[in-house]
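Heads up, the thing below is written out as structure tokens.
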Amino acid sequence: MSDPTTAQRRDIGETDGPMEDQLEQAFERLVGEGVQRLHRPWREVLVTGFFGGTEVAFGVLALVAVREATGSALLAGLAFSVGFLALLLGKSELFTEGFLVPVTTVAAGRASAAQLGKLWSGTLLANLAGGWLIMWLVVTAFPDLRARTVESAAHFATAPLSPETFALAVLAGAAITLMTRMQHGTDEMVGKIAAAVAGAFLLAGLEMFHSILDSLLIFGALHTGEAPFGYGAWLGWFWWTTLGNVVGGLGLVTLLRLVRSKDRLLQERRAVAAEG
């Protein structure tokens, strides 16, 4: 038997789109959320990003505390899932979660490249500001965790700009974008929570290079006044890691998803043109 055509698949399925029903539903959820996120005014972008930074910082606190108590990076990674669960349930924004959903929405013609730039730049700056503040409170409130914070941060801040560290950043970008894809692939909260825990385990447990998560660790170390590095070292590490995250999130996950959804994207763009 020959493979069914797009039209035949549409007739067999419950939806009118060119993809399988589950992918159609995931696409609609993804674009629907993307439209809301990309059409926020600056105030909402900055506030939502600030909350995202503070919530990830609480995950960093859990990570450092468990690492200090157990010495296990894997258990600490699971503890860090507190941060991703807060992002999920609190509906806040993390810069590296802004690849799959917003880019697909722009590709579908439901938002502009300028709106994407606003979301990325505003969220990134607000994430760092919110995380910087909470990490100051963390090292002030928990002096016993200062040495562990400095040690954990030095692993990233003093790392060389090498193929290994770039690969770790690429994998981190792909992992968190995969987490986003999994969460938009289901309506079940249990599945979304499982994806958040899995993403935290991969990123923090395996010590991948993540521009926001690890920046907050570095900020905590700098706040102690005992770090063997400064903000210059952080900036040198940050641009390298952010580039790798973008390559991984856009190139390894988002681009392939766009290729997979090409017919649906064209259909959506035609609908936008007809509405205009």
Problem set entry | Flag for ILE176 being assigned to a helix (DSSP H, G or I), closer than 21 Å to ARG29 by Cβ and touching a His at 6+ places or on another chain (Cβ under 9 Å) | yes
Exercise. Is there a residue being of a type in the set (D, E, K, R), surrounded by fewer than 23 Cβ atoms within 10 Å (Cβ to Cβ), in contact (Cβ under 8 Å) with a residue 24 or more places away in the chain and in contact with a helix residue (DSSP H, G or I) (Cβ under 6 Å, 6 or more places away or on another chain) anywhere in region 82-99?
Worked result: no
For this session: Might you let me know whether region 125-135 holds any residue that is part of a helix (DSSP H, G or I), under 30 Å from ASP263 (Cβ atoms) and within 14 Å of the chain's Cα centre (by Cα)?
Result: no
Exercise. In region 242-263, how many residues are at pLDDT below 85, out of contact with any Leu (no Cβ under 7 Å at 6 or more places or on another chain) and either outside any helix (DSSP H, G or I) or crowded, with 16+ Cβ neighbours inside 10 Å (or both)?
Worked result: 1
Exercise. Which condition breaks for ALA153 when tested against (1) in contact with a Leu (Cβ under 8 Å, 6 or more places away or on another chain); (2) within 23 Å of ALA62 (Cα to Cα); (3) modelled with pLDDT under 95?
Worked result: (3)
For this session: Scan region 142-170 for residues that are in contact with a helix residue (DSSP H, G or I) (Cβ under 6 Å, 6 or more places away or on another chain) and buried (at least 17 other Cβ atoms within 10 Å of the Cβ) and report the count.
Result: 13
Exercise. If you check every pair at least six apart or on different chains, which have Cβ atoms under 6 Å apart with a residue in region 192-215 that is at negative phi first and a residue that is in a loop (DSSP other than H, G, I, E, B) and crowded, with 18+ Cβ neighbours inside 10 Å second?
Worked result: LEU203/HIS210
For this session: With the condition kept exactly as written, say whether any residue in region 96-110 is outside any helix (DSSP H, G or I), under 14 Å from the mean Cα position of the chain (by Cα) and not small (Gly, Ala, Ser).
Result: yes
Exercise. Which residue, of GLY53, GLY34, is under 24 Å from ALA175 (Cβ atoms), part of a helix (DSSP H, G or I) and at pLDDT 90 or above?
Worked result: GLY53
Problem set entry | Any pair with Cβ under 6 angstrom, 6 or more apart, that starts in region 59-75 at a residue that is without any contact (Cβ under 8 Å) to a residue 40 or more places away in the chain and ends at one that is crowded, with 17+ Cβ neighbours inside 10 Å and among the basic types (Lys, Arg) | none
For this session: Any residue in region 218-247 that's under 21 Å from GLU97 (Cα atoms): show its pairings with residues that are charged (D, E, K, R) at Cβ separation under 9 Å, as long as the two are six or more apart or on different chains.
Result: TRP237/ASP214; PHE238/ASP214; THR241/ASP214
Seminar exercise, completed: Checked region 207-231 for anything assigned to a helix (DSSP H, G or I) and of a type in the set (Phe, Trp, Tyr); matches are PHE219, TYR231
Exercise. Since TRP239 meets every condition but one in (1) surrounded by fewer than 17 Cβ atoms within 10 Å (Cβ to Cβ); (2) within 26 Å of GLY59 (Cα to Cα); (3) touching a helix residue (DSSP H, G or I) at 6+ places or on another chain (Cβ under 7 Å), which condition does it not meet?
Worked result: (3)
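The values are calculated or read from the model by the stated rules, or taken from the named source; none is laboratory data. Every value quoted in this text rests on a predicted model; they were computed, and no experiment measured them. Every residue, glycine among them, receives a Cβ derived from its backbone with ideal geometry; neighbour counts consider all protein chains shown.
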